[in-house]
Amino acid sequence: MGYDVVSRLLHWVTVLIVFVMIPVGLYMTQDGIPRATQDGLFKLHKGLGSIFLLVILARLAWRLFHRPPPLPASIAPAQRWAAEAVHAGLYVFLLVMAVSGYVRVTTGGFPIEWLNAIGIPPLLPKAEAVSKVASIVHAVAKNGLILLILMHVGAAAYHGIVRRDGVMSRMWPPV
């Protein structure tokens, strides 16, 4: 039994955004790239981050009312626990990344151009101390998120390629 279509759609939208956000975020902070390129990457990262926050909130809301299908009986209890822990960690870190990024930008006094373009003002006032803390949280959470993504992708590959037990196909794209 697989996940419902909405869960799978939200999952793959999240994957697409994250697979853009991580390399853009890592590259845009490097020294020596042209300022125009860096500015464009920052605008993309901030804009996608705003959309990403909405997607994560939608996923959490959907998950509250739509429980995932049970894992096959062949999955050992330790693997069940690990899967639940990694999934919970992914939700926490994805939310922390989105919120800390928004807080860092807005309290740092920087615009989020995509939100400004549709008339949404910053929800937080400028506060440099808050911005610095949010920046640290964002940087630390990035490492935890990347580790959890690697664990999640590794487990999916293990189930899809090695075990071929149908676990990976439960979340396969709905198209």
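The values are calculated or read from the model by the stated rules, or taken from the named source; none is laboratory data. Just so it is clear, the structure is predicted and the values come from calculations on it, not from any experiment. Here Cβ is always computed from backbone atoms with ideal geometry, including for glycine, and neighbour counts include all displayed protein chains. In case anyone asks, the SASA skips ligands and DNA or RNA and just uses the protein heavy atoms, side chains included. Shrake-Rupley method; radii C 1.70, N 1.55, O 1.52, S 1.80 Å.
Across region 149-175, the qualifying residues are those that are open to solvent by 80 Å² or more (accessible area, probe 1.4 Å) and in a loop (DSSP other than H, G, I, E, B), and the one among them that is modelled with the lowest pLDDT is Val175.
Considering only region 84-124, state which residues are in contact with a helix residue (DSSP H, G or I) (Cβ under 7 Å, 6 or more places away or on another chain) and either closer than 30 Å to Asp165 by Cβ or of a type in the set (Ser, Thr, Tyr) (or both). The answer is Val86, Gly89, Leu90, Tyr91, Phe93, Leu94, Leu95, Ser100, Tyr102, Thr107.
Regarding Leu71, is this residue within 22 Å of Met168 (Cβ to Cβ) and of a type outside the set (S, T, N, Q)? Judged against the criteria, Leu71 is a match. Of all residues in region 33-83, those satisfying the criterion of being loosely packed, with under 14 Cβ neighbours inside 10 Å and in contact with a Leu (Cβ under 9 Å, 6 or more places away or on another chain) are Ile33, Leu57, Leu60, Arg80. Just give me the residues in region 1-19 being farther than 19 Å from Ala61 by Cβ and either in contact with a Leu (Cβ under 6 Å, 6 or more places away or on another chain) or open to solvent by 80 Å² or more (accessible area, probe 1.4 Å) (or both), in sequence order. Selection gives Met1, Leu16, Phe19.
Within region 84-101, the residues that satisfy the criterion of being closer than 24 Å to Leu44 by Cβ and open to solvent by 40 Å² or more (accessible area, probe 1.4 Å) are Phe93, Leu95, Val96, Val99.
Selection within region 1-41: residues that are farther than 17 Å from Gly101 by Cα and of a type in the set (S, T, N, Q). The member of this set that is farthest from the chain's Cα centre (by Cα) is Thr37.
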